[in-house]
Amino acid sequence: QSPGEVTIRVQLKHVQKAKFRVSASPFFLKVNYAPFILDVDLRHEVVYRDIVVRILPKHVELICPKVEEALWTELEVKGDKKELQARREASIKRAEEAKQKTLAEHKEAKKAAKNAAQKSHWSVQDKHKSAIE
């Protein structure tokens, strides 16, 4: 690790990209490569949207940027099963809400661009009509 990022190395050989899945949220990472599953409840927050996955011949690296620059003394948070589950669910919910917000913003921007293009087209059509008349 460095103050700005933590790298998690998973010892998996000859990984096929198409079958490898990573799910990430601010405090939770899940690596799925059947039959292998790794769940990591992170002690500190990462910038989950900027995680870089490097698939190498003998292992896979997850390079996770940290929200706060600091060296971590521990990677995973400790706690009882219920606490960890609640923390994990809250983290996943937060990531899903951010995803939905981003999708809505993209949809709205696309709609605005389409409306602007239509208005521009109508303006050109009106100028052509005026020129003909």
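So here's what we get for this one:
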{"item": "Theoretical gain in end-to-end length, residue 11 to residue 72 [0.36 nm per residue, Cα-Cα removed]", "result": "19.8 nm"}
{"item": "For the range 35-60 and the range 63-105, distance of Cα centres in Å", "result": "13 Å"}
{"item": "Solution diffusion estimate, µm²/s, Stokes-Einstein, the range 60-133, Kirkwood Rh from C-alpha pairs, 4 °C, viscosity 1.567 mPa s", "result": "73 µm²/s"}
{"item": "In degrees, nearest ten, helix 81-132 long axis to first principal axis of the chain (Cα)", "result": "20 degrees"}
{"item": "Per residue Cα convex hull volume in Å³ - calculated over the chain", "result": "172 Å³"}
{"item": "Compactness of the range 1-51 as Cα Rg over 2.2 N^0.38 Å, two decimals", "result": "1.19"}
{"item": "Separation of the residue 93 and residue 18 label points, Cα + 7 Å toward Cβ, nm", "result": "3.8 nm"}
{"item": "Unit charges on C-beta of K, R, D, E only; dipole of the range 1-43, Debye", "result": "240 debye"}
{"item": "When each of 17/101; 30/81; 19/78; 81/101; 30/107; 17/58 is checked by Cα-Cα distance, pairs over 19 Å", "result": "17/101; 19/78; 81/101; 30/107"}
{"item": "Average accessible area per residue (Å²) across the chain - probe 1.4 Å, nucleic acids and ligands excluded", "result": "74 Å²"}
{"item": "The chain, accessible surface, carbon-and-sulfur percent (1.4 angstrom probe)", "result": "54 percent"}
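The values are calculated or read from the model by the stated rules, or taken from the named source; none is laboratory data. Computed from a predicted model, the values in this text were never measured in an experiment. Every residue, glycine as well, gets a Cβ built from its backbone with ideal geometry; the counts of neighbours run over all protein chains shown. The area values use the complete protein model at the heavy-atom level, side chains included, leaving out ligands, DNA and RNA. Shrake-Rupley method; radii C 1.70, N 1.55, O 1.52, S 1.80 Å.
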